[in-house]
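**Student:** Quick one: the structure is below, and I'll ask about it shortly.
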Amino acid sequence: MLKLFKIIADAGEATAKYPFAPFPVSPGFRGKPELNAAQCIACAACTTACPANALTMGNDTADGTRTWQLNLGRCIFCGRCEEVCPTHAIVLTPEFELAVANKADLLQKATFRLQQCEQCGQPFAPAKEIGYVMDLLRQSGVAVDEARRAEFASCPACKRKATVTRDAVSQHLSQEAEQ
Amino acid sequence: MNGPLPLSNPMAPRDERGMPVPLTESEHIAALKGKLLKDIQRSAYVYRVDCGGCNGCEIEIFAAITPVFDAERFGIKVVASPRHADILLFTGAVTRAMRMPALRAWQAAPDPKISVSYGACGCSGGIFHDLYCVWGGSDKIVPVDVYIPGCPPTPAATLYGFAMALGLLDQKLKGTHQIEGEADRAVVAHPAIALDVRVEIEREARRLAGYRAGRLIADEFLTLASETDLTLDECMKRRLSGEEDPRLAEILTRLWDIGAGVARG
Ligand code: SF4
Ligand code: SF4
Ligand code: SF4
């Protein structure tokens, strides 16, 4: 009997103190995904990767906005969004105390502005993506100054049109030349 | 259950399109529930209703009553019959076949009872939300008091959810809506390193270590390489001395080779 008590005393207490003390999660624990909206470029890579469709995005072209939404009630904490995010905007935190009484509190949203095309005025990409693309080009050694922003802020269709016009002029394929 | 139920079946109401309508509680029962929570001076009994989950959630519920987490020290006991239950835990995305058994369990539990949606499936259908054969969440069939997200929720998250259901702990999570500010600008990572070099390093690290770990290792390497005053060789030698994980050391060495190759031109 005494021996048994000794074994028990030696083994110590296995029970976690939680919820009376904070619960230390293990390293690499994947908890609540947290979006840093300032860093997000609304590219929707995470939305495409999310296997549970917990991440969704919707455009409101009338308003010129795009809204990112995470439904924590559907998230399976796989970390695919963190893997694919090009700007490190979304990171899985160790936060696990996510139970709610009100289902609406499971929704995390962020709204971003859409870029209107400089030529035709149609929204075609998130505004922050334009700045990010210019920064990436700078990083890879292409000199792009802010004056060229209008070029980047044109939709693919208008860009194509502009290229055709420019080439037509440079190759003297103007209407007189064709006659 | 073959074919749609008659719409007038009061036990399992459906709307005119045949979609299930959640059962409701009378105000009287809601008031009783408030009273129960306020001065519950005894154990709370939990009955698990499996509405067609993958069994992952069940395993975590049982993990929560093992000695490590020991929900029983708070008097939370898992019971074998809904007739003994104070709390009903609904797991799974509510398959068509499991809707009636779940409703019968809900009706068998004495009032006032607390219903909990457990796991991503219970909260919203989870990864099964768009399947043809599920109703997509326990709140589609019964009134739910607490939602515990996770796939499956960890035992600690389960304890937190129980404590919330019993009114012992407060809800921490709030819905948020961030709006893009005028001056917001995404910062490019490691601006001191040329883009193609960064891409090459990140690709190699991800190829060797897998996607998520690879990114962390590539990040560590690029931070080391761009923020040091030492040469790359000295810096990496210092980093690798005493590194106990041979896999990590090998991957870092490989990245170092690439970096050195770039530096040589
Ligand atoms: S962790 Fe997985 S399920 Fe959750 S939002 Fe990210 S990709 Fe989607
Ligand atoms: S992948 Fe990253 S940058 Fe793109 S929308 Fe998601 S969080 Fe934002
Ligand atoms: S939430 Fe996840 S673990 Fe739980 S039943 Fe659904 S798929 Fe399985």
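The values are calculated or read from the model by the stated rules, or taken from the named source; none is laboratory data. Keep in mind it's a predicted model, so treat the numbers as computed, not measured. Note that each Cβ is placed from the backbone with ideal geometry, even for glycine, and that neighbours are counted across all protein chains shown. These area figures cover heavy atoms from the full protein model, side chains too; ligands, DNA and RNA do not enter into them. Shrake-Rupley method; radii C 1.70, N 1.55, O 1.52, S 1.80 Å.
**Student:** Out of segment A:106-132, which residues are within 7 Å of chain B (Cβ to nearest Cβ) and over 19 Å from B:T158 (Cα atoms)?
**Tutor:** Once the filter is applied, which keeps residues that are within 7 Å of chain B (Cβ to nearest Cβ) and over 19 Å from B:T158 (Cα atoms), segment A:106-132 yields A:L107, A:Q108, A:K109, A:A110, A:T111, A:F112, A:R113, A:K128, A:G131, A:Y132.
**Student:** Out of segment A:75-125, which residues are out of contact with any helix residue (DSSP H, G or I) (no Cβ under 8 Å at 6 or more places or on another chain), open to solvent by 40 Å² or more (accessible area, probe 1.4 Å) and under 20 Å from B:G119 (Cα atoms)?
**Tutor:** Hits for segment A:75-125 are A:C78, A:P94, A:E95, A:N102, A:A104, A:L107.
**Student:** Moving on. State all residues of segment A:40-64 that are facing another protein chain (nearest Cβ under 9 Å) and of a type in the set (V, I, T); if no residue qualifies, say none.
**Tutor:** The one that is facing another protein chain (nearest Cβ under 9 Å) and of a type in the set (V, I, T): A:I41.
**Student:** Still on this structure, I have one more. So for segment B:48-62 (the condition being free of Cβ contacts under 8 Å to residues at least 40 places away in the same chain and in a strand (DSSP E or B)), does at least one residue qualify?
**Tutor:** No - not one qualifying residue is present in segment B:48-62.
**Student:** Considering only residues that are more than 9 Å from every other protein chain (Cβ to nearest Cβ) and in a loop (DSSP other than H, G, I, E, B), which ones fall in segment A:89-105?
**Tutor:** A:T93, A:P94
**Student:** Let me ask something additional. When you scan segment A:53-64, how many residues do you find that are open to solvent by less than 30 Å² (accessible area, probe 1.4 Å) and more than 8 Å from ligand 1 (Cβ to nearest atom)?
**Tutor:** Matching residues across segment A:53-64 total 1.
Residues are listed down the side, and each one gets a yes or a no for (1) assigned to a loop (DSSP other than H, G, I, E, B); (2) at the interface with chain B (Cβ under 8 Å from one of its Cβ atoms); (3) surrounded by 15 or more Cβ atoms within 10 Å (Cβ to Cβ):
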site	(1), (2), (3)
A:E13	yes, no, no
A:A38	yes, yes, yes
A:R66	no, no, yes
A:G73	yes, yes, yes
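**Student:** Consider segment B:92-101. How many of its residues are within 17 Å of the chain's Cα centre (by Cα) and part of a helix (DSSP H, G or I)?
**Tutor:** So the answer is 0.
**Student:** Still on this structure, please answer the following. For segment B:102-110, state whether one or more residues are surrounded by fewer than 23 Cβ atoms within 10 Å (Cβ to Cβ), among the polar types (S, T, N, Q) and in a loop (DSSP other than H, G, I, E, B).
**Tutor:** no
**Student:** Additional query: For A:C46, which of the numbered conditions (1) under 23 Å from B:G125 (Cβ atoms); (2) more than 16 Å from ligand 3 (Cβ to nearest atom); (3) in contact with a Ser or Thr (Cβ under 7 Å, 6 or more places away or on another chain) fails to hold?
**Tutor:** (3)
**Student:** Also, quick follow-up: From B:I114, B:I127, B:I87, which residue is of a type in the set (V, I, T), within 15 Å of B:C57 (Cβ to Cβ) and within 12 Å of chain A (Cβ to nearest Cβ)?
**Tutor:** The unique qualifying residue is B:I127.
**Student:** Only one residue in B:A120, B:A109 is over 21 Å from the mean Cα position of the chain (by Cα) and among the small types (G, A, S). Which one?
**Tutor:** Unique residue meeting the criteria: B:A109.
**Student:** While we're here: If you take the residues of segment B:160-180 that are in a loop (DSSP other than H, G, I, E, B) and within 7 Å of chain A (Cβ to nearest Cβ), which of them is modelled with the lowest pLDDT?
**Tutor:** B:L169
**Student:** Would you mind finding the one in B:A93, B:A157, B:A102, B:A109 that is facing chain A (nearest Cβ under 8 Å) and among the aliphatic types (A, V, I, L, M)?
**Tutor:** Result: B:A157 is the single residue among B:A93, B:A157, B:A102, B:A109 that is facing chain A (nearest Cβ under 8 Å) and among the aliphatic types (A, V, I, L, M).
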